[in-house]
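Read the structure below first, then the notes.
Quick note: the coordinates plus some simple rules give every number you see, no bench work behind them. Remember, it's a predicted structure, so these values are computed and weren't measured experimentally. Cβ placement follows ideal geometry from the backbone for every residue including glycine, while neighbour counts extend to all protein chains displayed.
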């Protein structure tokens, strides 16, 4: 084995003459940290060298060695646990200068031959490996439908790998488990260090995959979680506060969709905060309507009171918002509820409705080119009552979210002022809001 110290003493120059020999890459550091790390390794081995990498990084290695010597030595060093297990043998590119640990890198040198870009340091999710470049390009295009940040590397063994990174190692380990559980990546996907990837063909972009919190967050009350999951469009079950399979599946779907945290408690708290911010943004406020005696959360920034008519209280669009709200309430039961739903259909508030009719409950949903309509009513305490929400067709997601908030908050606040008068009293239909 050649001893680097003897070579340096004889030549008195950096080791440009050995640029085509192999080295054992043991670590990579930012340039500012490389000298201290190299000195630490030099206290264990007498043939430690450094050489430059792209993006301001420096490689720390053992060498130069013949490829045969390097292959034998790396196995022995790993077995003895003297070097990191992700160390590897590489041949520096033509023109790369190896500098012995403790010496300053040369100030000037001949222009180096172009060398392939190296993946940025960090951990990578290895999504798929293929043998040919054509297959690799096709695989990358497919993976970018799920992970737009994915990149492509040419692996040291000549194959090609679709990668996602770089990310923090703890984040990579946590997210690959979540992605496997959600069937977003195959079971044979794994995490590796940048040093194992060879050269970057298409670097991709660092994904925003946060590391898990040191301590898992407490899960919010499950009824709040279910309402937030419904708002996000991933849950259509009952709001019962129970941790059933549909709730668990919806939590997993939300984590996969938003990728804010692998910790369910943290992810659900983030979701609830987003829902609260949205409620403020769309102007949801409590509407206490004296004509019907009903109370409901409604987008009052987009509604203006219009009039009352018998069992109805009507709010039209404000400032051309295209929104409208009709509250209805009258004494009665299922038949009165069906009569009111027929009125809603006849007036075109819910176009070509799809009906869901159950004892004590009616739901009508429909849309045309201009608006979405939803009418929902209940029989409660001897009254048939509910609401109709009309919303611009261009905002289907907002309509669904607002309708869910209204159904959750719908309640009776007090007596209905627009109930039919008792026999002998004056009628009060068609009145305006006092």
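Expressed in nm to one decimal, what extension gain is obtained for the pair residue 157 and residue 177 from 0.36 nm per residue of sequence separation less their Cα-Cα distance? Write out the running numbers ahead of the final one.
On the way: separation 20, 0.36 × 20 = 7.20 nm, distance 2.61 nm.
Between residue 157 and residue 177, full extension yields an extra 4.6 nm.
How large is log10 of I(q)/I(0) for region 123-202 at q = 0.15, 0.16, 0.22 Å⁻¹ when the intensity is taken from the Debye formula with one equal scatterer per alpha-carbon?
-0.45, -0.52, -1.00
As I understand it, the value is the acute angle between the Cα axis of helix 169-181 and the longest principal axis of the Cα atoms of the chain; what does it come to in degrees, rounded to 10?
50
Let me know the Kirkwood hydrodynamic radius for the chain, please, with Cα pairs as the basis and the value in Å to one decimal.
About 27.3 Å, per the Kirkwood formula over Cα pairs.
In which sequence would 49, 362 go, from the one with the fewest C-beta neighbours within 10 Å to the one with the most?
362, 49
Taking the Cα atoms only, what angle lies between the long axis of helix 396-409 and the longest principal axis of the chain, rounded to 10 degrees?
That works out to roughly 60 degrees.
Show log10 I(q)/I(0) for region 222-281 at q = 0.13, 0.23 Å⁻¹, two decimals, from a solvent-free Debye sum over equal Cα scatterers.
-0.28, -0.87
Given a Förster radius of 25 Å and the C-beta distance between residue 86 and residue 249 as r, what FRET efficiency does 1/(1 + (r/R0)^6) yield to the nearest 0.05? Spell out each step's value before the answer.
Values: r = 36 Å, r/R0 = 1.45.
Given R0 = 25 Å and the Cβ-Cβ separation, E is 0.10.
Give me the one-decimal nm value for the distance between modelled label points at residue 357 and residue 240, 7 Å along each residue's Cα-to-Cβ direction.
2.7
State the Kirkwood hydrodynamic radius of region 284-412 in Å, one decimal place, computed from all pairs of distinct Cα atoms.
14.4
Scaled to the compact-protein estimate 2.2 N^0.38 Å, what is the alpha-carbon radius of gyration of region 257-337, rounded to two decimal places? Before the final figure, lay out the partial values.
Values: Rg = 17.8 Å, N = 81, 2.2 N^0.38 = 11.7 Å.
In units of the globular-protein estimate, region 257-337 measures up at 1.52.
Residues in region 324-349 near a label at residue 417, defined as backbone nitrogen under 16 Å from the 7 Å Cα→Cβ point?
Within reach of a label on residue 417: 327-329.
Subtracting the Cα-Cα distance from 0.36 nm times the residue separation, let me have the gained length for residue 338 to residue 393 in nm, one decimal. Please report the intermediate quantities before stating the final value.
On the way: separation 55, 0.36 × 55 = 19.80 nm, distance 2.57 nm.
Length gained between residue 338 and residue 393: 17.2 nm.
Between residue 188 and residue 286, what FRET efficiency comes out of the Förster formula 1/(1 + (r/R0)^6) with R0 = 51 Å and r the beta carbon distance, rounded to 0.05?
Values: r = 53 Å, r/R0 = 1.05.
About 0.45, to the nearest 0.05.
Mind pulling the angle between the C-alpha long axis of helix 67-79 and the longest principal axis of the chain? Nearest 10 degrees, somewhere in 0 to 90.
Value to nearest ten degrees: 60.
So what is the calculated 222 nm ellipticity per residue for the chain, using -39500 (n - 2.57) for each DSSP H run with n of 4 or more, over all residues, to the nearest 500 deg cm²/dmol? Walk me through the numbers before you get to the answer.
Values: 10 runs with 127 residues, N = 434.
That calculation yields -9000 deg cm²/dmol at 222 nm.
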